[in-house]
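A.B. asks: Handing you a structure now.
The values are calculated or read from the model by the stated rules, or taken from the named source; none is laboratory data. Computed from a predicted structure; not experimentally measured. Glycine also receives a Cβ, built like all others from the backbone with ideal geometry; neighbour counts cover every protein chain displayed.
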Amino acid sequence: MKVIYIWLVRLISVLNFFKRGRVHSVIYLMSFGNNLKFILALADKLPEDQQLVVFYRPDVEVEATQLAAYGVKVIPFRDNLHFVFTGIPVIMSSRLIFCDNYYAFLGGLLHPRHAKIVQLWHANGAIKRFGWGDPKTSHRSKADQRRFQRVYDQFDDYVVASDAMGTVFQDSYRVPRSRMKLMGYPRSDRFFSAKWQQGALNRINRLAPGLTKHRVILYAPTYRDSMTFELTPELKEALVADPNAVVVIKLHPLLQKYEQRFSQSTTHQVRFYPQLSTTDLLMVTETLITDYSSIAFDYSLLPHAHSLLFYMSDLEEYQQNPGIQPHFLKWLPSAPLRTPSELKAAILADSQTDFTRFNHHWNTYNDGHATQRVVEYYCHYLAK
């Protein structure tokens, strides 16, 4: 079915490729709801003859509703026949297409003649390998590999925040270095915004009253292929080593069922707040504990960020599958912790993490002004 779907996308895009008509739309493909400020800024600055259309995945319907309230045209989409026959013609008539993720249908799309396709991505950096760097890719069929590469090749520009992330895309997607645009990630601007910071604090005080009175330790591991989470007695003992701290556990969205299960055993020291976003919780986090998650790149930008701990008990296994970016030990701001006892000692030590080299490596252009740069750059392109 996947092959048939891709061929249908190709067919409809070919039929629309030769249609004459005015190119009048800018497209945003949204599967993450963390870039709304950029979308609204783009809508505000577009030339009068251009309309912004946001195609959104069902998972971000709440964020799409917020955009609609501001007058942005939003359309839900899934990879189905309805999208092929109604969405592809709209995309083929566009001048500019923004993406925040890998979209498989692009592997069948005939690149619109007048359009530029831009990859904005959804994270500031990468610890895990992906694309050609993922060991599983080499075991896929040749047809699958060609399909993946067709998607990677569709992007004319990759907006990145550092040379390091540009190298990751260049190697992972096997695309030219010239496609990397060093402008910073618009989604990172909020971490520099006093208004956003205060809003996050207000939400926390409303939904988790009293939390800010404690040292907050946020434990936010990434997901594994096994799609499970286990809070072992040894790990729990390490996490609660500081009796004056509150440990908040926030799991990957794909593991929410485990969060709901563990939340029933919430204690005065171990808590779950499903009603709060991970990003909001970062505002009151004194110590972030993660493993291979990109949340580390966000936390390091916050002015109050104190300590960042990497608990990697399965490091050797994870290096094999899905794989870890080369030389990652050289740029981590703190050494990986391998055992619960090491984690416990680090929590009790509560040492300040120096983020200087880490941010210089990964967040070079994340300075609070990325939205302005990206919007101005592409509005200038549209004005040509």
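A.B. asks: Being in contact (Cβ under 8 Å) with a residue 40 or more places away in the chain and in a loop (DSSP other than H, G, I, E, B) is the filter here; which residues of region 1-21 pass it?
C.D. replies: Residues satisfying the conditions are 19, 21.
A.B. asks: So, one more: Taking the condition of being under 16 Å from residue 216 (Cα atoms), outside any strand (DSSP E or B) and either touching a strand residue (DSSP E or B) at 6+ places or on another chain (Cβ under 6 Å) or outside the structural domain of residue 203 (by TED's automatic domain parsing) (or both), how many residues in region 282-312 meet it?
C.D. replies: The qualifying residues number 5.
A.B. asks: Test each condition in (1) modelled with pLDDT under 95; (2) in contact with a helix residue (DSSP H, G or I) (Cβ under 6 Å, 6 or more places away or on another chain) for residue 139 and report the one that comes out false.
C.D. replies: Unmet for residue 139, out of (1) modelled with pLDDT under 95; (2) in contact with a helix residue (DSSP H, G or I) (Cβ under 6 Å, 6 or more places away or on another chain): (2).
A.B. asks: For residues that are of a type in the set (Ser, Thr, Tyr) and surrounded by 14 or more Cβ atoms within 10 Å (Cβ to Cβ), tally how many sit in region 334-383.
C.D. replies: 7
A.B. asks: Quick one: how many residues across region 97-111 are part of a loop (DSSP other than H, G, I, E, B), farther than 10 Å from residue 154 by Cβ and in contact with a strand residue (DSSP E or B) (Cβ under 8 Å, 6 or more places away or on another chain)?
C.D. replies: Of the residues in region 97-111, 2 are part of a loop (DSSP other than H, G, I, E, B), farther than 10 Å from residue 154 by Cβ and in contact with a strand residue (DSSP E or B) (Cβ under 8 Å, 6 or more places away or on another chain).
A.B. asks: Same structure again: Please state which of the following conditions residue 33 fails to meet, knowing it meets all the rest: (1) touching a residue at least 12 places away in the same chain (Cβ under 8 Å); (2) over 17 Å from the mean Cα position of the chain (by Cα).
C.D. replies: The one condition residue 33 does not meet is (2).
A.B. asks: Sticking with this one: Would a scan of region 313-321 turn up a residue that is outside any helix (DSSP H, G or I), among the aliphatic types (A, V, I, L, M) and over 30 Å from residue 94 (Cα atoms)?
C.D. replies: no
A.B. asks: Could you count how many residues in region 40-62 are in a helix (DSSP H, G or I) and surrounded by fewer than 20 Cβ atoms within 10 Å (Cβ to Cβ)?
C.D. replies: So the count comes out to 8.
A.B. asks: A follow-up question, please. With (1) at pLDDT 90 or above; (2) assigned to a loop (DSSP other than H, G, I, E, B) as the list, and residue 145 as the residue in question, which single condition is left unmet?
C.D. replies: All conditions are met except number (2).
A.B. asks: Next question, about the same structure. Is it the case that residue 151 is in the same structural domain as residue 32 (by TED's automatic domain parsing), free of Cβ contacts under 8 Å to residues at least 60 places away in the same chain and within 20 Å of the chain's Cα centre (by Cα)?
C.D. replies: Details: in the same structural domain as residue 32 (by TED's automatic domain parsing): yes; free of Cβ contacts under 8 Å to residues at least 60 places away in the same chain: yes; within 20 Å of the chain's Cα centre (by Cα): yes.
Yes; evaluated as a whole, the condition is true for this residue.
A.B. asks: Moving to a separate point now. Among 305, 241, 296, which is modelled with pLDDT of 95 or more and more than 29 Å from residue 189 (Cβ to Cβ)?
C.D. replies: 241
A.B. asks: Would you mind finding the one in 187, 203, 215 that is closer than 30 Å to residue 271 by Cβ, in contact with a helix residue (DSSP H, G or I) (Cβ under 8 Å, 6 or more places away or on another chain), surrounded by fewer than 21 Cβ atoms within 10 Å (Cβ to Cβ) and of a type in the set (D, E, K, R)?
C.D. replies: 203
A.B. asks: Restricting the first residue to region 121-138 and requiring it to be touching a residue at least 60 places away in the same chain (Cβ under 8 Å) and not assigned by TED's automatic domain parsing to the domain that holds residue 299, which pairs with a second residue that is assigned to a strand (DSSP E or B) and of a type outside the set (Ser, Thr, Tyr) meet a Cβ separation below 9 Å and a spacing of at least six or different chains?
C.D. replies: 121/99; 121/159; 121/160; 127/310; 127/324; 128/324; 129/324; 134/128
A.B. asks: Scan region 149-165 for residues that are crowded, with 18+ Cβ neighbours inside 10 Å and over 20 Å from residue 27 (Cα atoms) and report the count.
C.D. replies: The number of residues fulfilling the criteria is 4.
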